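Before any comments, here is the structure.
Bear in mind these aren't lab numbers, they're just calculated from the coordinates by the rules spelled out. Every value quoted in this text rests on a predicted model; they were computed, and no experiment measured them. No Cβ is skipped: glycine too gets one built from the backbone with ideal geometry, and neighbour counts run over all protein chains shown.
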Amino acid sequence: MRNLRPLFDQVVIKELEPDRVRRSGLVVPPGTREPPPQHGIVIAVGPGLDWWAQAGVKMPVAPGDHVVFPASAGVWIEVEEERLLVCTVNEILGVLEELGVCPYCEGKGVPGGDACPVCGRAAEPAGPE
């Protein structure tokens, strides 16, 4: 078994299995023309650049982070039949994190029957009192 160790500010990302079932219920068969994956799990990070330690800069991602990147990011390679993306850390757009309590509606939803624009939660209708 081989492990790909990235150098400098490089990051190795494992693609997530594409979701073959769309919201509409349409099942997309494998092999159809689809855009390349744009999110994955970081499996390895390089040590950073030499000047980063002097400037107090640390690698902003760590193994296990679920990251989002543009379709044009990095280079896709195969290591032991596994597709991996190798890109620089500055090509990563962000880290997906679990949203605990919505910062907009604080988990209560928006009154008036509308959905919260951030989390999509609607306010519970007032029950009979």
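Annotation: extensible slack from ASP50 through ASN3 equals 14.6 nm (criterion: 0.36 nm per residue apart, minus Cα-Cα distance). With a Förster radius of 35 Å applied to the C-beta separation of ILE77 and ALA123, the computed FRET efficiency comes to 0.15.
Taking 0.36 nm per residue of separation and subtracting the Cα-Cα distance, full extension of the segment from ALA115 to GLN38 would add 25.0 nm.
Ordering ILE92, ILE43, ILE77 by the number of other Cβ atoms within 10 Å of each residue's own Cβ, fewest first, gives ILE77, ILE43, ILE92.
Distances between placed amide hydrogens fall under 5 Å for CYS116 paired with VAL110, ARG121, ALA122, all partners being 5 or more residues away or on another chain.
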